[in-house]
Amino acid sequence: MTGKEEGRSDIGIEDLISRILGYNPNSDVEMIRRAYSFAEETHRGRMRNSGDPYITHCLATAEILAELEMDDLTISAAILHDTMEDGGVRKEEIEERFGAKIAELVDGVTVIGSLGLRTEWERQVEEWRKMLLAMAKDVRVILIKLADRLHNMRTLQYLEEDKRRRIAQETLDIYAPLAGRLGIWRLKWELEDLAFRYLKPKEYYELARRVASKRREREEYVERVKEMVREKLREAGISAEVQGRAKHLFSIYQKMLRQGRDFDEIHDLIGIRILTEEESTCYTILSLVHSLWIPIPGTLDDYIARPKGNNYRSLHTTVIGPAGRPLEVQIRTYEMHRDAETGIAAHWRYKERGRKGEDEKRIAWLRQLLEWLRELKNPREFMESLKDDIIPDRVYVFTPKGEIKELPVGSTPIDFAYAVHTEIGHRCVAAKVNGAMVPLRYELKNGDIVEIITSPHSRGPSRDWLKIVKTARARTKIRQWFRMMEYEENVARGREALEKELSRVGMSLAALQKEGKLDLAAGELGFKEVDDLFAAIGFQEISARQVLTKIVPVEEIRVGRRERKGSGPGVRVDGLDCLSVRLARCCSPIPYDKIVGIVTKVKGITIHRDICPNARVAWARKVDAEWNPVDGEYYDVIIEADAYDRAKLLENILNAISDTRTTIKEARAKALGNGITVSRFTISVRDDKQLQEVMAKIKRVRGVTDVRRYIPGEAKAT
Ligand code: MN
């Protein structure tokens, strides 16, 4: 966030000109002044909602572009960008006064107009088409549009509530991702934070408050870290600049959502950046950083050797910094840094006109899109690629009749079936994707044509579906079905679950029922009868444990538990009366791994493998834990296998696993491009003995060079 957040930019034309002269002494100042007086005259008398004269918006838009050090044409067109649409000036007039190029830019910005909300698919394709066609002529059109949008976002508080929300949503859906895709991070971040503030004001201000409350402590810590790095660099005789790095609020928020963690657990608020001259020095610095602090496995990303799609280049690593706190480190050259900040805009920077090579690569993506655009006879494919690239968290799939369905990433054919029709979901027995049969847990990909095979003899949805569906709609419908169809069964199941839970704390269901305590609890929880309560437990609408805490005062549980230990899914935790013990998903411990419990603020105790980096960084909150598995309990575990690429490799490995009668929950394979494929599986096992058996079996598959447990790294961020 910047001080300009409130959007009342008081810059005048002279401020703008002196900034431009700062980076471009040969600027055509006279033309920019002429553009200003023409725009000023055109808009005279009109006011912004903020009460400022309209021209302030034109100047502010130009100012944002001047910060990106853009050329005179872009600046002039930015000042003029609203003269056609809002001032009624004709393109010919602008051409006469300022030349064909500027007229074309202003016209391009005008054509895009308002993109409207992302509601129906066809309309959205249309909006993107317009935008990309305008870009096809000159990417500077989009740069002006982004600057225009940024200033409108900065002054959004002057609009009415519903308009604010609409514009903020559109910014988050289209403009921010586009800025990101064009590599202009500076604009992307500010757009996102502003949109976040208007879309989720409560969350935004709460997060801002919490970040601010830790500021001093964080700054001291960063200072200490920076000094340590500088010292190390001095020793090695390397010249480099070490900077602290603030995370923007929206990225923190997204990370909290994505990882389902609380603010206090999002530890990579702390990051530093090291800038140097030479690419090769970056690697030397990386090894110095790794000699200072232990790197967290799986967090090293070499975007220098393998740049991202938008040509972002940098080394990323996360290490366990002082006091055991994870520290994100980015290492890059000054040039890479400047590119990362301004992205594609660098192509038109005054100083660098004619600088081709790098920018060519950067706009290769754009070219490709434009190629697709020309073949718009197949809008489906176009949309696929676009969605894949710009809005990565949705997939677009098709019915055999060519109707489109939009689903969250990770959706299965079951989600699709329920999206088409509830009955199709209930009767779904199998699915074909692009003509071939797939398992129902198959993860849909962009552009898949999905055919659901239903059977009138289907006995309805399976309870396992609840674990694999991704959409709320499918989940709700499946639950409803069970509620209806299996009431009796659910009552029995729920009763049994509650009985078991009660016996853990030494209480009996029958006794409670006699005392009338169950009726009381059922009423309090909003159920008419005790059977309804049992049924709700049975179909997992409410957990037996939740009911337990309702029935029995917490103190009594403590008394009842004094003899016992806090326990959870097959794990005992010493010395703590704790109702909530869960297995960490990151390292997926299974009996009889060496484990530790980590006390967390919100979730009670989480059991990790003792070698898990997530546990290691929280070592201070460690408690002892031991296995106490219950018969018939299964545990998910993730394994990875390296193998030489060959046909049927994945199939052979899957067969090997199935041979041991082990359930496979998820499988994916990724070719590394060097002849090696890495496959990752989530399987369900009773204990480590079964796991060893599975791993030994995979090891014997032809071509497999290594099989191992998966150990997580932290989620990566740029
Ligand atoms: Mn405007």
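Take Y205 and decide whether it is of a type in the set (F, W, Y), over 17 Å from the mean Cα position of the chain (by Cα), in a helix (DSSP H, G or I) and farther than 23 Å from P322 by Cα.
yes
Does the stretch 504-513 include one or more residues that are aliphatic (A, V, I, L, M), touching a residue at least 40 places away in the same chain (Cβ under 8 Å) and within 30 Å of A419 (Cα to Cα)? Full working, then the answer.
From the stretch 504-513, those aliphatic (A, V, I, L, M) are 505, 507, 509-512; that's our starting set.
Subsequent filtering for residues that are touching a residue at least 40 places away in the same chain (Cβ under 8 Å) retains 505, 507.
Still in the list and also within 30 Å of A419 (Cα to Cα): none.
No.
Given the condition in a loop (DSSP other than H, G, I, E, B) and at pLDDT below 90, answer yes or no: does some residue in the stretch 186-199 qualify? Write out each step before concluding.
Keep residues of the stretch 186-199 that are in a loop (DSSP other than H, G, I, E, B), which gives none.
No: zero hits.
Which of the residues spanning the stretch 293-318 are among the hydrophobic types (A, V, I, L, M, F, W, C) and either in contact with a Ser or Thr (Cβ under 8 Å, 6 or more places away or on another chain) or surrounded by fewer than 18 Cβ atoms within 10 Å (Cβ to Cβ) (or both)?
From the stretch 293-318, those among the hydrophobic types (A, V, I, L, M, F, W, C) are 293-294, 296, 300, 304-305, 315; that's our starting set.
Passing the criteria: I294, I296, L300, I304, A305.
Kindly check whether there is at least one residue in the stretch 58-69 that is within 16 Å of the ligand (Cβ to nearest atom), part of a loop (DSSP other than H, G, I, E, B) and modelled with pLDDT under 95.
No, the stretch 58-69 contains no residue that is within 16 Å of the ligand (Cβ to nearest atom), part of a loop (DSSP other than H, G, I, E, B) and modelled with pLDDT under 95.
Name the residues in the stretch 8-21 that are loosely packed, with under 15 Cβ neighbours inside 10 Å and at pLDDT 90 or above, would you?
Correct list: E14, D15, S18, L21.
Residue by residue through the stretch 424-437, note down the ones that are surrounded by fewer than 18 Cβ atoms within 10 Å (Cβ to Cβ) and either touching a residue at least 24 places away in the same chain (Cβ under 8 Å) or assigned to a loop (DSSP other than H, G, I, E, B) (or both).
Result: I424, V429, N434, G435.
Could you say whether any residue in the stretch 31-41 is of a type outside the set (D, E), at pLDDT 90 or above and within 13 Å of the ligand (Cβ to nearest atom)? Explain how you work it out, then say what you get.
First, the residues of the stretch 31-41 that are of a type outside the set (D, E): 31-39.
Within this subset, residues satisfying the condition of being at pLDDT 90 or above are 31-39.
Filter once more, keeping what is within 13 Å of the ligand (Cβ to nearest atom): 39.
Yes: one or more hits.
From the residues in the stretch 253-270 that are over 20 Å from E220 (Cα atoms) and not basic (K, R), which one is modelled with the highest pLDDT?
Taking the stretch 253-270 and keeping what is over 20 Å from E220 (Cα atoms), we get 253-262.
Subsequent filtering for residues that are not basic (K, R) retains 253-254, 256-257, 259-260, 262.
Working: Y253: 85, Q254: 81, M256: 78, L257: 78, Q259: 67, G260: 69, D262: 72.
For the stretch 253-270, the residue satisfying everything is Y253.
Is there a residue being buried (at least 19 other Cβ atoms within 10 Å of the Cβ), under 29 Å from C612 (Cα atoms) and at pLDDT below 90 anywhere in the stretch 230-248?
No, the stretch 230-248 has no match at all.
Looking at this structure, is I664 without any contact (Cβ under 8 Å) to a residue 24 or more places away in the chain and closer than 24 Å to C586 by Cβ? Walk me through it before giving the result.
Details: without any contact (Cβ under 8 Å) to a residue 24 or more places away in the chain: yes; closer than 24 Å to C586 by Cβ: yes.
So I664 passes the test.
Please state which of the following conditions L182 fails to meet, knowing it meets all the rest: (1) at pLDDT 85 or above; (2) under 28 Å from E63 (Cβ atoms); (3) surrounded by 21 or more Cβ atoms within 10 Å (Cβ to Cβ).
Among (1) at pLDDT 85 or above; (2) under 28 Å from E63 (Cβ atoms); (3) surrounded by 21 or more Cβ atoms within 10 Å (Cβ to Cβ), L182 violates only (1).
For the stretch 211-225, which residues satisfy the criterion of being surrounded by 12 or more Cβ atoms within 10 Å (Cβ to Cβ) and not charged (D, E, K, R)?
Of everything in the stretch 211-225, those that are surrounded by 12 or more Cβ atoms within 10 Å (Cβ to Cβ) and not charged (D, E, K, R) turn out to be V211, Y221, V222, V225.
Working only within the stretch 438-452, note down all residues that are part of a strand (DSSP E or B) and of a type outside the set (A, V, I, L, M, F, W, C). Before you say what the answer is, go through the steps one by one.
The initial filter retains those residues of the stretch 438-452 that are part of a strand (DSSP E or B), namely 438, 449-452.
Of everything in the stretch 438-452, just one residue is part of a strand (DSSP E or B) and of a type outside the set (A, V, I, L, M, F, W, C), namely E451.
Can you name every residue in the stretch 422-439 that is of a type outside the set (A, V, I, L, M, F, W, C) and closer than 14 Å to I453 by Cβ? Write out each step before concluding.
The first filter runs over the stretch 422-439 and keeps only residues of a type outside the set (A, V, I, L, M, F, W, C), leaving 422-423, 425-427, 432, 434-435, 439.
If the condition is that a residue be of a type outside the set (A, V, I, L, M, F, W, C) and closer than 14 Å to I453 by Cβ, then E423, G425, H426, R427, K432, G435, P439 are the ones that fit.
Which is on the phi < 0 side of the Ramachandran plot, within 16 Å of the ligand (Cβ to nearest atom) and small (G, A, S), of A147, A176, A195, A168?
Working: A176 fails: within 16 Å of the ligand (Cβ to nearest atom); A195 fails: within 16 Å of the ligand (Cβ to nearest atom); A168 fails: within 16 Å of the ligand (Cβ to nearest atom).
Answer to the selection: A147.
Quick check on the stretch 70-87: of everything there that is within 11 Å of the ligand (Cβ to nearest atom) and part of a helix (DSSP H, G or I), which residue is nearest to the chain's Cα centre (by Cα)?
A78
How many of the residues making up the stretch 666-694 are surrounded by 18 or more Cβ atoms within 10 Å (Cβ to Cβ) and part of a helix (DSSP H, G or I)?
Here the count works out to 4.
The values are calculated or read from the model by the stated rules, or taken from the named source; none is laboratory data. Source: prediction; values computed, not measured. Ideal geometry is used to build each Cβ from the backbone, glycine not excepted, and the neighbour counts take in all protein chains shown.
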